[in-house]
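To start, the structure itself, in structure tokens.
The values are calculated or read from the model by the stated rules, or taken from the named source; none is laboratory data. The shown structure was predicted, so the numbers you read here are calculated from the model rather than taken from an experiment. Don't worry about glycine lacking a Cβ; one is built from the backbone with ideal geometry, like all the others, and counts go over all protein chains shown. Remember, those area values only see protein heavy atoms, side chains included, never the ligands or the DNA or RNA. Shrake-Rupley method; radii C 1.70, N 1.55, O 1.52, S 1.80 Å.
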Amino acid sequence: MRVALKVDVDTYRGTREGLPRLRRLFARLGIRASFFFTLGPDHTGRRLVRAFRPEFLRKVRRTSVVANYGVRTLLYGILLPGPVIGRACRDELRTLEEEGHEVGLHVYDHSLWQDHVRYRDADWTRRQIEKGLIAFRDIWARNPAGHAAAGWQINEATLELEEALGFRYASDCRGRGGPFHPSWNGRVFRCPQLPTSLPTLDEVLGRDGVNGDNFPQYFERLLLDAPEDHVHTLHAELEGGRYLEGFERLLHLWRAAGAEFETLEERLARQPSGNLSVRPLVWATIPGRAGQLASVA
Ligand SMILES: [Zn+2]
């Protein structure tokens, strides 16, 4: 039973403050994880527009968005210019692989991608991914192996580009099971998908009596109820922020339950290549999260 830890880093603050905390925690526990970075401008504030959606308002109330993201972050792209994250954090990002972690591309502009990619064309999508790749190469002097679409939002061109641009794998969707070839509108794509199989912390907080204290036991139960390989997505802003201590407890609980940790690249490498199944991706809703997400049917 292995859990691949996928760390999405969405904001400047998450990169500056959450990332070092998670690095120290993982170093202490001897854990290697896969980090996916937002490398362009932090425009988190633009997502405040979504506050007019009732789902988001409920989430704001459940998960204290201001406490987790900070007031500055919520103004980036509205009242404050958003820092260009990759450029501003170049030095600390560069040394991450020395600790055995994997680095991959989350996105260039998180709020832009998350809110628009579904309805944009191939040219737009290519420009966004290429901006991300340029920023990635500026730090690591090569292309990333993995791409993890922001907010689990994609379009057909995303799958096409992941294949064309030579990504070894992508983690763009939700659902159970190991790596597979995605199909979309009947078309099959070669770049394997590794789905996030467990809910994220922000999806469960405030639901079913789960809170900042007892979430480790909740996630422990999820693993005990489905004792198989998983991909767990966490956020530098949350598990690397005010939920750090609980997250450490969760890692100990999972270990005690027999889980080992791995990176997504390691997960993929364990899969005998050449015999991946084809599974269709569809849009689905996930409890605790607004809108629809790319999911395994
Ligand atoms: Zn994200």
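Using amide H atoms built in the peptide plane, which far-off residues or other-chain residues are under 5 Å from Val107 H to H?
Distant-sequence amide H within range of Val107: Phe37, Thr38, Leu39.
For segment 64-191, count all C-alpha to C-alpha pairs, find those more than 21 Å apart, and express that count as a whole percent of the total.
Numbers: 3792 of 8128 pairs.
Pairs farther apart than 21 Å: 47 percent.
Whole percent per 5 Å bin, from 0 to the bin with the longest distance: what is P(r) over all C-alpha pairs of segment 109-257?
Taking every Cα pair in segment 109-257, the percentages come to 2, 8, 16, 18, 17, 14, 12, 10, 3, 0.
Given H placed on each backbone N at 1.01 Å, which residues far from Glu262 in sequence or on other chains put an amide H within less than 5 Å of it?
Under 5 Å from the amide H of Glu262 lie the amide H atoms of Val3, Ala4, Leu5, each far enough along the sequence or on another chain.
Starting at the first residue of segment 278-284, write each ³J(HN,Hα) from the Karplus equation 6.51 cos²θ - 1.76 cosθ + 1.60 with θ = phi - 60°, in whole Hz, x for Gly and Pro.
9, 10, x, 9, 9, 8, 9
Hey, got the dipole for the chain? About the Cα centre, +1 on K and R Cβ, -1 on D and E Cβ, debye to the nearest 20? Write down the numbers at each step before the final one.
Numbers: 42 positive and 38 negative charges, 114 e Å.
In total the dipole reaches around 540 debye.
Taking only protein heavy atoms into account and a 1.4 Å probe, give the accessible area per residue of segment 149-297 in Å².
Values: 5800 Å² over 149 residues.
It amounts to 39 Å² per residue over segment 149-297.
Out of residues 5 or more away from Leu234 or on other chains, whose amide H comes under 5 Å of its own, with H placed 1.01 Å from N in the peptide plane?
Lys6, Val7, Asp8
Percent antiparallel among DSSP beta bridges with both residues in the chain, to the nearest 5? Show your work: numbers first, answer last.
Values: 9 of 37 bridges.
Antiparallel: roughly 25 percent of the beta bridges in the chain.
Pop out the carbon and sulfur fraction of the accessible area of segment 2-296 as a percent, whole number, probe 1.4 Å. Kindly include the intermediate steps, with their values, before the conclusion.
Details: 6140 of 12300 Å².
The C+S portion of the solvent-accessible surface of segment 2-296 is 50 percent.
Projected onto the charge dipole of segment 2-296 (+1 at Lys/Arg Cβ, -1 at Asp/Glu Cβ, origin at the Cα centre), which of Ala148, Ala67, Val231 gives the Cα projection farthest towards the positive end?
In segment 2-296, that residue is Ala67.
Could you give me D for segment 2-296, from Stokes-Einstein at 4 °C and 1.567 mPa s, where the hydrodynamic radius is the Kirkwood radius over C-alpha pairs? Units µm² s⁻¹, please. Don't skip to the answer; put the middle values down first.
Working: Rh = 19.1 Å.
This corresponds to a translational diffusion coefficient of 68 µm²/s.
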